[in-house]
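Read through the structure below, which is laid out as structure tokens, and then see the notes.
The values are calculated or read from the model by the stated rules, or taken from the named source; none is laboratory data. Remember, it's a predicted structure, so these values are computed and weren't measured experimentally. A quick note on method: Cβ atoms are made from the backbone with ideal geometry, for glycine too, and the neighbour counts reach across all protein chains shown.
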Amino acid sequence: PGKGIGYGLLRYLRDGGGVLPFDMPAGRITFNYLGDFGSGVSGATGEELFLYSGDYRGRELRADYELDHALTVTGLQVSGRLRVMVDYSRSQYDDATIAGFVNRYESLLLGLIRDLAGDDGRYVTPSDLSYRGLSMSEVSALGSAGEVEDVYELSPLQEGIYYHWLAAPGTTAYVEQSSYRLKGRVDIGLLEQSYARLLSRHAILRTAFTHQYGGRNLQVVSRQVSPVFIYRDISGHADKDGYINTYKQNDRAAGFDLGKGSQMRLSVLDLGNQEYEFVWSHHHILMDGWCGTILINECYRIYYALLNKREPLLDNIPSYAHYIRWLSKLDRQVSRRYWQQYLENYETQAPLPFKQPFPAERYDGKNILLQLDAPALNAMQALCRQLEVTESTFIQCAWGYLLSYYNNTQDVVFGSVVSGRPGELDGVEHMIGLFINTVPVRIRYEDNSTVRELLRQAQQEAIASLPHHYTQLSEIQADSPLRNGLFDHLFIYENYPVQPVFTAGATDEGGPGLEQMELLSAAVAEQTNYDFNITVVPAPDGMQIILGYNAACYDPASVARISGHLSNVIGVFTAAPDTYLSAISCLAPGEQQQLLYEWNDTEVPYPGNCTIVDMFEAQALKTPHNTAVVFGSQSVTYSELNGKANTLAFTLSGYGIGPSCFVPLLMSRGIDYVVAFLAVLKTGAAAVPLSINWPAARLQLLLGLLDAQAVLVNKVALERAGLNGEIPALQVDHTILAPEGPPFVNRSCPEDPIYMFYTSGTTGTPKGVVVPHQGITNRFLWMNGHFGTASATAVLRTTRHIFDSSVWQLYWPLINGGKTVIPEEDIPFNLQYFTRLLQDHAISMTDFVPSLFNELVNELQQGEGRHDLHSLQHIVIGGEAITVSAVNRFRECYPGIRLTNLYGPTEASIGCVYFELEAHHYVAIPIGRPISNVRIYILDKKGRPVPEGVNGEICIAGVCLAQGYFKDAAGTASRFLPDRYAPATAARPVYYRTGDTGKWLPDGNIAYTGRADDQVKIRGYRIEPAEIEDTLRGLDGVKDAVVVARTTGAGARELVACITGPSRVDMTAVHTYLKSRLPEYMIPRVCIQVDELPLTAAGKVDRKLLLEAAVGAAVPARSYVPPGNELEHKLVKMWQEVLELEQPVGIHDNFFELGGHSIKAIVILSRVQRELGIALGVKELFEDPTVVNLAKKILNIEWLQKGLLHKAPGQEYEKIEL
């Protein structure tokens, strides 16, 4: 009527199902079926009191009654006959029209009765089902033979489990298996009947699942399913336990087909001598652990009754559909808003550490048991009663605190399984089905929070969350920036009986039966979609905490440590609830001893009263005529080098240069620099290397900070550096310095500074790191012992002299009688030049940053044959994260050349941690262990040692440490902290916070894992983005700036600057401006302008989003590409509707980046199958979640079905020419 306008208004304009905001005209047609009135009324004894009469009964309505509707159809049954009456308004309908209508109606009814009379089946219509969204054709397709009993939607956790099954139908995830070893008499036939009756009793046990109807996931209850009951007589088998274990493994591997049949099976293995192994398996999508005991006990009661030839007496319980209907009445948006607020500002996952870095291809379930004995449990329960918190909340808080300790944070989230059984739903405690759900639990605290305060806060939040336990996890995840990375493990608190009852006392019926049945053993095997689960269960003598894990991801030793740490935390929580959380350590005393002292047992008694100047001078006396330094065609002997340095030292002394002075060296590479550096050290002053390639503005800034008496330069520097003459410039030319003369008395002392190197600074100004002689002396003496002095025969200097690693390359050979070879500056350092230097000078050792090493390895592998590196004994690699693939390739080609990974910041005397690369193949390469007289701590933000395998900040202590930062007391105090772990013999109990993160490995080596701040290393250069950002803000037109580091497709790292400003900024001008103020390596490769810097929910700059923008700067972001054919148009329309998007969807847009998640992915695939007739798996969408890819997949399948494609060996499809 009205061309559907009335229906349309009612269907689409009502707010939340309520009334319309305006009056609608009354309906004009009424249909009323009154039901079956029978034949009359009978008395208590069955006699008929009266019958309905068909005679005339007079007028039913007064003559002036006005009909409310123009047409009313009324039906009823009387005396076994269907009667239909039609009342109508003659002002609107002719009698002939109504007569035709009645005749047609009668004809249709008779036809329907005739068709159904010959069919004995029972059929449901859409109105008979709990879910009302199916059409009649869909209902017919679901059960053409009338086997469908009901259809309803899935519960929240069922949705998630079904998604995982669709994504991997063959997985054993969520296959639950319980096994019981029983001894007693069993009638197998009656047991099978009992099991069949159990399936008939509970609708959920006759349920399958589909996503092909109604546009959503549905569960379909069949009236009957074939019970899967398996009996095996293995009494004659020799190895019964082996057979049983194999059978149970195969049973789990068989899994279930959720699309049809029963999702439960019972196997009975007859061992002989009245012993049986009952293996009861089901898919977790059917029910939770609460139900298992109920079902087994019901099955026993049915069996017991049948055994005694009685009908089982079992109470009626509501079906699972009642719960689904209750769920449908909840306001999902209220709960969704609750979880959004609950997770507000949570932006970093708190994963469980110790997990293998590579994904597991299998699930190998193992358990480690933590047992709380009765006294420990009683103490915990007493505290819980005092604080009015549940035991579950207590264990959750203990676990949450441990997780925060592992992640060096005070805010963590993990998944928790909740019962999901609403108390207001009658009979819910006896219902069979999957009621549990997974929701996030957030544990957060402040620096001054106590255990008591944390427990009370967590209990209040747990109570507040109760009404919202029914929200789909996928919806909660979709509203979090972490999506499905919100958490990576589950917490489960079980408060139901875990073992069924197998005694006659379980029933109220007497008689013979199973009263002699004895439970010999029980085992449970289950697997979630997570690789780690904490399950808390009651035990007769305390409480059990089961740490279940995938042994393909976690090793038993790591999980055992977790168990120990959790036990320690529970003990402290129970014993000292007023303790500050920040003061609690999870480590056992033995662990702390190993981490702080055993792995730092590096003390070696080196001479403490000499410097490298003393050692060089002693070597010059021993080998005066040996070549000391080679630079191109130039060279000097030890005697010449020492004499020239003495001559220059006298000159410097004349300028007042001596101890406590810092002398800048602004020189190009060569012998001049080696002489000048050595001369400065002889005076007792510290050398400050500067680069002639730095911008003049930067050089003037640094020279001004030094307040130096003179700056040492050579000819090249005078021509290129642009000095302004404010500081005296002393030109050094080794060719005119006298090689002979009176010796200069060395004034260097071990405690005095040897040099100062500038590094990038967070304040916008470079930091000067002041290093004492003793750290370098220690490093050189360690090298003598570790590498051997033979490696110092000829060392190739590969690092520019403005970096501290150049110090050992230049001067370590000179304390051992070897020579230093300096490459010429105007020759590209490629493989050809490198091998020429090796051959010309018999190079024995050198040092590369990984980026340069990688390039050389690539060149070494190009062409045919091996390149001659015969003289090379040792390569040191350091300065940035090492590249595993390059190391593996080099080791394969040159196994005789030693490789050493060296780690250490400038503040730790070049390098203080080493690892020998001796294996032929690596998956990951650690940075190693500390060198002599160096201690390494890995600490959290509170300065507490973290356990083995847990990330923390790498902190360095020992003789290697720098004195601090030049003229920066605040910066020094923030990074060089009192060392409370230092041994009593430590001369300087201080440790340095590197800002690098790492973790201890089981063998005492250290793995580098990243940075705790924004500092980056590119090609070995240490860069603080803050310094670049501060420089950018000084440019006119730039309001703010953030610099991030991206990784290119080739694996290289490069800087990208993101700037804001009131108007468009000329990027060429930006580059020119930076070039005039920063070194080349600090100039961003790309600069992009954004309208405003994105912020996180916490108000901080969202560097992750900026990094995505930075990646798009290299590869231009995909512009909108409209659909190009009918299929793409259909898919775009589906995406917009399912994702509820207003903006157009391009065919290259990413489904998940547009807001899609697992459940919506299934909806898309369901619509594809329903509307296009093509069945796709979840994998097809995940592989490339774009419209264009999905369209290609669909066309491939269509062409394959039509014979236009055929599969060919070695490729997915082969096209046939048409």
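Summary table below
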read-out	value
Among the candidates Ile877, Ile925, Ile882, residue that is farther than 30 Å from Tyr554 by Cβ, β-branched (Val, Ile, Thr) and either touching a Leu at 6+ places or on another chain (Cβ under 7 Å) or assigned to a loop (DSSP other than H, G, I, E, B) (or both)	Ile877
Gln274 being touching a residue at least 24 places away in the same chain (Cβ under 8 Å), over 24 Å from Ile204 (Cα atoms) and either surrounded by 21 or more Cβ atoms within 10 Å (Cβ to Cβ) or among the polar types (S, T, N, Q) (or both)	yes
Condition met for Ala1007 (of a type in the set (Gly, Ala, Ser) and in a strand (DSSP E or B))	yes
Unique residue being assigned to a loop (DSSP other than H, G, I, E, B), touching a residue at least 60 places away in the same chain (Cβ under 8 Å) and surrounded by fewer than 22 Cβ atoms within 10 Å (Cβ to Cβ) when the list is Ser639, Ser585, Ser567	Ser585
Unique residue being more than 18 Å from Val807 (Cα to Cα) and either crowded, with 22+ Cβ neighbours inside 10 Å or free of Cβ contacts under 8 Å to residues at least 60 places away in the same chain (or both) when the list is Ile776, Ile736	Ile736
In segment 247-258, residue surrounded by the fewest Cβ atoms within 10 Å (Cβ to Cβ) [restricted to those that are within 16 Å of Glu526 (Cα to Cα) and out of contact with any Lys or Arg (no Cβ under 9 Å at 6 or more places or on another chain)]	Asn250
Test result for Ser137, small (Gly, Ala, Ser) and surrounded by fewer than 17 Cβ atoms within 10 Å (Cβ to Cβ)	yes
Failed criterion for Ser335 (all others in (1) surrounded by 15 or more Cβ atoms within 10 Å (Cβ to Cβ); (2) among the small types (Gly, Ala, Ser); (3) within 23 Å of Val451 (Cβ to Cβ) hold)	(3)
Residue check for Arg185: buried (at least 16 other Cβ atoms within 10 Å of the Cβ), in contact (Cβ under 8 Å) with a residue 12 or more places away in the chain and basic (Lys, Arg)	no
Selection status of Asp87, at negative phi, modelled with pLDDT of 90 or more, over 60 Å from the mean Cα position of the chain (by Cα) and surrounded by 10 or more Cβ atoms within 10 Å (Cβ to Cβ)	no
Test set (1) within 29 Å of the chain's Cα centre (by Cα); (2) closer than 21 Å to Tyr493 by Cβ; (3) crowded, with 21+ Cβ neighbours inside 10 Å; (4) at pLDDT 95 or above - Leu547 fails condition number	(3)
Every residue from segment 916-930 that is under 18 Å from Leu595 (Cβ atoms) and not charged (D, E, K, R)	Pro926, Ile927, Gly928, Pro930
Number of the condition not met by Ile302 [criteria: (1) in a strand (DSSP E or B); (2) touching a residue at least 40 places away in the same chain (Cβ under 8 Å)]	(1)
Residues being outside any strand (DSSP E or B) and either of a type in the set (Lys, Arg) or within 18 Å of Trp812 (Cβ to Cβ) (or both) - total across segment 895-920	7
Residue match in segment 406-426 (condition: part of a helix (DSSP H, G or I) and either closer than 27 Å to Glu344 by Cβ or touching a helix residue (DSSP H, G or I) at 6+ places or on another chain (Cβ under 6 Å) (or both))	yes
Checking Ser909 against (1) buried (at least 22 other Cβ atoms within 10 Å of the Cβ); (2) under 34 Å from the mean Cα position of the chain (by Cα), the condition it does not meet	(2)
Qualifying residue in segment 761-769 (condition: of a type outside the set (A, V, I, L, M, F, W, C) and in contact with a Gly (Cβ under 6 Å, 6 or more places away or on another chain))	yes
Residue that is modelled with the lowest pLDDT [pool: residues in segment 668-681 that are touching a helix residue (DSSP H, G or I) at 6+ places or on another chain (Cβ under 7 Å) and over 16 Å from Leu737 (Cα atoms)]	Ser668
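To keep it simple, each residue is scored yes or no on (1) modelled with pLDDT of 95 or more; (2) more than 30 Å from Ser449 (Cα to Cα); (3) within 52 Å of the chain's Cα centre (by Cα).
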| site | (1), (2), (3) |
| --- | --- |
| Gly590 | no, no, yes |
| Gln594 | yes, no, yes |
| Glu598 | yes, yes, yes |
| Met615 | yes, yes, no |
| Ala645 | yes, yes, no |
| Ala649 | yes, yes, no |
